[in-house]
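Please read the structure below before turning to the comments.
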Amino acid sequence: MAEVAGLLKLNQQTVRNMIDRGDLGAVRVGKRRIRVRQSQLDAFLAAGEMPAEPESDTEGESEAAELDPWGAVRNALGAVASAVDAEDQDALASALVELSDAVRALRD
């Protein structure tokens, strides 16, 4: 994760928050380790999804989600594609749950 944070020129906690929100796909290895596959990072960068607001600004995050309600769907689709490319069943299952949640949020 430190390497990804360095490449993106972001704090490691920012990268963790992006993973927790589903903005950046990742795979959990064991109980505490998280890995970002190159294909997941490539999909993230290709989508151009960089946080526009500071991590502590939750009001800004909700405003950004209202401006682009399809952003979560795009992110989840990127994670699905990355999991398929990597042939990772666990990551695919997780990404499909994220996609389902994103679609459900569109309906609300």
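The values are calculated or read from the model by the stated rules, or taken from the named source; none is laboratory data. A quick note: this is a predicted structure, and the numbers were derived from the prediction, not measured. Note that each Cβ is placed from the backbone with ideal geometry, even for glycine, and that neighbours are counted across all protein chains shown.
Numbers below:
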{"item": "Qualifying residue in the stretch 23-31 (condition: among the small types (G, A, S), under 29 Å from R107 (Cβ atoms), in a loop (DSSP other than H, G, I, E, B) and modelled with pLDDT of 85 or more)", "result": "yes"}
{"item": "Selection from the stretch 12-25 of residues that are more than 12 Å from A76 (Cα to Cα), touching a residue at least 24 places away in the same chain (Cβ under 8 Å) and not hydroxyl-bearing (S, T, Y)", "result": "Q13, N17, M18"}
{"item": "Selection status of E59, surrounded by fewer than 13 Cβ atoms within 10 Å (Cβ to Cβ), modelled with pLDDT of 85 or more and in a helix (DSSP H, G or I)", "result": "no"}
{"item": "Residue match in the stretch 69-81 (condition: more than 16 Å from R21 (Cα to Cα), modelled with pLDDT of 75 or more and assigned to a helix (DSSP H, G or I))", "result": "yes"}
{"item": "Failed item, numbered, when G48 is tested on (1) modelled with pLDDT of 85 or more; (2) under 14 Å from the mean Cα position of the chain (by Cα); (3) surrounded by fewer than 17 Cβ atoms within 10 Å (Cβ to Cβ)", "result": "(1)"}
